[in-house]
Amino acid sequence: MRVPDAQSVLLTADQIQSRVREMAAEIRRDYAPFDELHLVAVLKGAFMFLSDLARAMTGPVSLDFIAVASYAKGTTTSGEVRLLKDLDSGLQGRHVIIVEDIVDTGLTLTYLQDILRAREPKSLRTACLLSKPSRRQVDVKVDYIGFAIDDRFVVGYGLDYSEQYRNLREIVVLS
Ligand code: IMP
């Protein structure tokens, strides 16, 4: 595995940590202090974002995980999405927040929002650490965005290329 050089760092660990703390506060402000927020993280990419976001969140929080395969051709999505691992519990009457690493074309998130909305949560919102607005193919609503970035393939902080780099504390551009 290649170790990224300093120039390829797009977001440092400190920048990520402080933005994630802000996002946790923004999210909590939109609900009553004692509302339980049910965070649904999308595996595997969102695992690090989820763990920092959940720790920064005040008030009651519960967690669940879902896994989807977005069929990729190289570094781009083909648009076909398949459910690999479903949630452990139902969503009816709960305040659900989808926690996703990155929204690119928007196809994966649209699929997730559709299947989760059908389970009748009390509310459904989405928090994405990263967004590549210039790549959007569908108009998907993302309520909380950490950073909008240019059309570059990035890895680290949960994001991978062929299962590598997920463990980096920063987000780097893969050249
Ligand atoms: P979308 O369906 O095109 O929005 O793609 C969403 C998924 O593609 C994300 O959950 C990631 O798994 C993957 N993806 C998109 N862009 C990147 C990137 O720059 N680095 C790593 N994975 C990416």
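Note the angle between two axes, namely the Cα long axis of helix 47-56 and the longest principal axis of the Cα atoms of the chain, as a number of degrees from 0 to 90, rounded to the nearest 10.
That works out to roughly 50 degrees.
Between residue 31 and residue 148, with labels modelled 7 Å along Cα→Cβ, what's the label distance in nm to one decimal, could you check?
Distance between the two pseudo-spin positions: 2.6 nm.
Give me a comma-separated list of calculated 3J(HN,Hα) values for the stretch 141-157, in order, Karplus coefficients 6.51, -1.76, 1.60 applied at θ = phi - 60°, integers in Hz, x for any Gly or Pro.
These are the phi-based 3J(HN,Hα) values: 8, 10, 6, 10, 10, x, 9, 8, 10, 6, 6, 10, 7, 10, 9, x, 6 Hz.
Can you pull the percent of the stretch 37-175's accessible area that's carbon plus sulfur, 1.4 Å probe, other chains left in place?
Values: 3110 of 6500 Å².
It is 48 percent, rounded to a whole number.
Subtract the Cα-Cα distance of residue 160 and residue 139 from 0.36 nm times their separation in residues, and report this length gain in nm to one decimal.
Working: separation 21, 0.36 × 21 = 7.56 nm, distance 2.47 nm.
So the extension gain works out to 5.1 nm.
Which trypsin sites (Lys or Arg not before Pro) in the stretch 101-170 sit in a loop by DSSP (not H, G, I, E or B) and have at most 16 other Cβ atoms within 10 Å of their own Cβ?
Numbers: sites: 117, 119, 122, 125, 135, 136, 141, 152, 166, 169; in loops: 119, 122, 136, 141, 152, 166, 169.
For trypsin sites (Lys or Arg not before Pro) across the stretch 101-170 that sit outside H, G, I, E and B with at most 16 neighbouring Cβ atoms in 10 Å, the list reads 119, 122, 136, 141, 152, 169.
What full-extension length gain, to one decimal in nm, is calculated for residue 82 and residue 51 as 0.36 nm per residue of separation minus the Cα-Cα distance? Provide the component values of the computation, followed by the final result.
On the way: separation 31, 0.36 × 31 = 11.16 nm, distance 2.44 nm.
Stretched out fully, the residue 82 to residue 51 stretch lengthens by 8.7 nm.
Placing unit charges on C-beta atoms (Lys and Arg positive, Asp and Glu negative, everything else neutral), compute the dipole magnitude of the chain about its Cα centre in debye, rounded to 20.
Numbers: 22 positive and 24 negative charges, 13 e Å.
With Lys and Arg at +1 and Asp and Glu at -1, about 60 debye.
What angle do you read, to the nearest 10 degrees and between 0 and 90, between the alpha-carbon axis of helix 107-117 and the longest principal axis of the chain?
Its long axis makes an angle of about 10 degrees.
Enumerate the amide H contacts of residue 106 below 5 Å, restricted to partners 5 or more residues apart or on another chain; note that Pro and chain-start residues carry no placed amide H.
Amide H neighbours of residue 106: 137.
Compute the distance in nm between two label points, each set 7 Å from the Cα along the Cα-to-Cβ direction, one at residue 62 and one at residue 115.
Reported label-point gap for residue 62 and residue 115 is 2.0 nm.
Run the simple label-point estimate for residue 9 and residue 89 please: 7 Å along Cα→C-beta, distance reported in nm.
Between residue 9 and residue 89, the simple spin-label model gives 3.9 nm.
Aspartates and glutamates within cross-link reach of residue 141: Cα-Cα under 18 Å, excluding same-chain residues under 8 positions apart?
Hits, sequence-local ones excluded: 26, 30, 100, 101, 104, 114, 120.
Computed over the Cα atoms of the chain, what is the convex hull's projected area averaged over all directions, in nm²? Could the numbers behind the result be given before it?
Details: hull surface 38.3 nm².
Orientation-averaged projected area of the Cα hull: 9.6 nm².
As I understand it, the value is the acute angle between the Cα axis of helix 13-29 and the longest principal axis of the Cα atoms of the chain; what does it come to in degrees, rounded to 10?
20
The values are calculated or read from the model by the stated rules, or taken from the named source; none is laboratory data. All values derive from a computational prediction rather than experimental measurement. As a convention, Cβ positions derive from the backbone with ideal geometry for all residues, glycine included, and neighbour counts pool all protein chains shown. Surface accessibility is based on the protein's heavy atoms, side chains included, excluding ligands, DNA and RNA. Shrake-Rupley method; radii C 1.70, N 1.55, O 1.52, S 1.80 Å.
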